[in-house]
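J.: Sharing a structure with you now.
The values are calculated or read from the model by the stated rules, or taken from the named source; none is laboratory data. This one's a predicted model, so the numbers in the text were calculated from it and none came from an experiment. Here the Cβ positions follow ideal geometry from the backbone for every residue, glycine too, while neighbour counts run over all protein chains shown.
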Amino acid sequence: MADVITELLRDIPIPRMLQVRQRFDEAALTDVERAVETELRALDLADAVRPGMRIAVTVGSRGVADIPLIAKTVVAFLRGAGAEPFIVPAMGSHGGATPEGQIGVLRSLGVTEESVGAPIQSSMAVDKIGELANGLPIYVDHYAANADGIVVINRVKPHTAFRGPVESGLMKMLSIGLGKQKGAEACHQLGFRHMAEHVPQMARVMLAKLPILFGLASVENAYDRVALVQAVMPNEMEACEIELLKQAKALMPRICFDKIDVLVVDELGKNISGDGMDPNITGRFPTPYAEGGPDVTKIVLFGLTPETEGNANGIGLADFTTEAVFTQMDRSKTYANGLTSTVVAPTKVPMLLADKRSALQAAVKTSNVLDYRTVRIVHIKNTLSLGQIAVSETMRDETAGNPDLEIISEPFEWEF
């Protein structure tokens, strides 16, 4: 079979590339720690946080910018009020749906007991605290449910599989993240068609029944830096998140081309996006309930991030990858994601080629262009790192005519 594939791809050309800088809004906080402290001091917590209280602080599985510093600052604030904070991994089924795995995910993000100054209490045990009107159960991490208080930390951003006033942020951290595997499974039970309803509905029940003290939301700019932070009381959480989501969408990076024949992605991972590579960037969504991004004919995946520890959820959104990437895939962790979310297409394996060159040639061959030498290729590191990308030389004129783009190299050949 290898000889047949080699022959089919032998004469497929790969165009030279150009390094290109994409310009986005660079506004960012210069002192994240001070900004968080200022927001926390502005809250009316005199009666809410008391000496001796055991307070659960949520940290999720995404690569949220400055999350070790943000968590450390929240912990220090609570300790300053005499409380006893501890970290709870709030990440649904991630980390292989095991307590040890979820601690490992936090460690990969730089969140350890030493780095944040608080113990980590990790368990997959949950308490059921209620049901939605349709019968869906609502679960909460056992340690958090039995704490004297809960603080919710998360980044607000567009979701990768549905659209609504509330998508990915504090409310989702409650309903799915803090629900652990059972809570995430319940929220996904009826599919993403209903997620825009179920995420806030479950979170509202949790806000009403749990001792949630406040939330701390962050919004990032296109360069994966914290643009703003906002501390919010429980009764204002949903309204605040609706407004922050609008700002997050406005600041989000993108690939500045509407039509791409081949998109090459160096790496995907759960630390990058819930779907490994953010569909809002690639235009390749796992469900029909979200849309946006460029029109991409074929996607090639070259690798997994070390932080994802084999969880290749999202690999199924690519058309081609390599045998080497497949050997890095931990199917147990990957399949746990699909079984919990009920969306299994991202866990499927694309066409496997012997090496990166062959994978790229296969994408060019199947890109449905009349002359392979005119193929339009965009090459990115991952869907978080879009400040500098590479485009095929065939896109020079279009790139030069865009004020948000700057060619910063001479044409160069691919190196594999």
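J.: For the subset of region 306-334 comprising residues that are part of a helix (DSSP H, G or I) and small (Gly, Ala, Ser), which member is farthest from the chain's Cα centre (by Cα)?
T.: Once the filter is applied, the top-ranked residue is Ala324.
J.: Any residue in region 160-182 that is in a helix (DSSP H, G or I), among the polar types (S, T, N, Q) and under 30 Å from Pro51 (Cα atoms)?
T.: Yes: region 160-182 contains one or more residues that are in a helix (DSSP H, G or I), among the polar types (S, T, N, Q) and under 30 Å from Pro51 (Cα atoms).
J.: In addition: Only one residue in Tyr143, Tyr139 is in the same structural domain as Ser93 (by TED's automatic domain parsing), of a type in the set (Ser, Thr, Tyr) and in a strand (DSSP E or B). Which one?
T.: Tyr139
J.: Criterion first (surrounded by fewer than 24 Cβ atoms within 10 Å (Cβ to Cβ), closer than 25 Å to Glu220 by Cβ and touching a strand residue (DSSP E or B) at 6+ places or on another chain (Cβ under 9 Å)) does Leu170 satisfy it?
T.: no
J.: Moving on to the next point. Just to be sure I understand, how many residues within region 302-321 are crowded, with 21+ Cβ neighbours inside 10 Å and free of Cβ contacts under 8 Å to residues at least 40 places away in the same chain?
T.: 3
J.: May I ask you to list the residues in region 257-305 that are among the hydrophobic types (A, V, I, L, M, F, W, C), part of a loop (DSSP other than H, G, I, E, B) and in contact with an Asp or Glu (Cβ under 8 Å, 6 or more places away or on another chain)?
T.: Correct list: Phe257, Ile272, Phe285, Phe302.
J.: In region 1-31, how many residues are in contact with a helix residue (DSSP H, G or I) (Cβ under 9 Å, 6 or more places away or on another chain), part of a loop (DSSP other than H, G, I, E, B) and not charged (D, E, K, R)?
T.: Qualifying residue count, region 1-31: 7.
J.: A further question follows. Among the residues that make up region 111-119, is at least one of them among the β-branched types (Val, Ile, Thr), under 14 Å from Asn271 (Cα atoms) and touching a residue at least 60 places away in the same chain (Cβ under 8 Å)?
T.: no
J.: Name, by its number, the condition in (1) within 25 Å of the chain's Cα centre (by Cα); (2) more than 22 Å from Asp278 (Cβ to Cβ) that does not hold for Arg50.
T.: Every listed condition holds for Arg50 apart from (1).
J.: Given the structure, is Ala28 in contact with a Lys or Arg (Cβ under 6 Å, 6 or more places away or on another chain) and within 30 Å of Ser108 (Cα to Cα)?
T.: Taking the combined requirement at face value, the residue satisfies it.
J.: Applying the selection to region 218-234, what residues are farther than 17 Å from Leu78 by Cβ and either touching an Asp or Glu at 6+ places or on another chain (Cβ under 7 Å) or part of a loop (DSSP other than H, G, I, E, B) (or both)?
T.: Within region 218-234, Asn221, Ala222, Tyr223, Asp224, Arg225, Val226, Ala227, Gln230 meet the criteria.
J.: Show me the strands (runs of 3 or more DSSP E) entirely contained within region 343-409 in which 2 or more residues are without any contact (Cβ under 8 Å) to a residue 60 or more places away in the chain.
T.: Result: 351-353.
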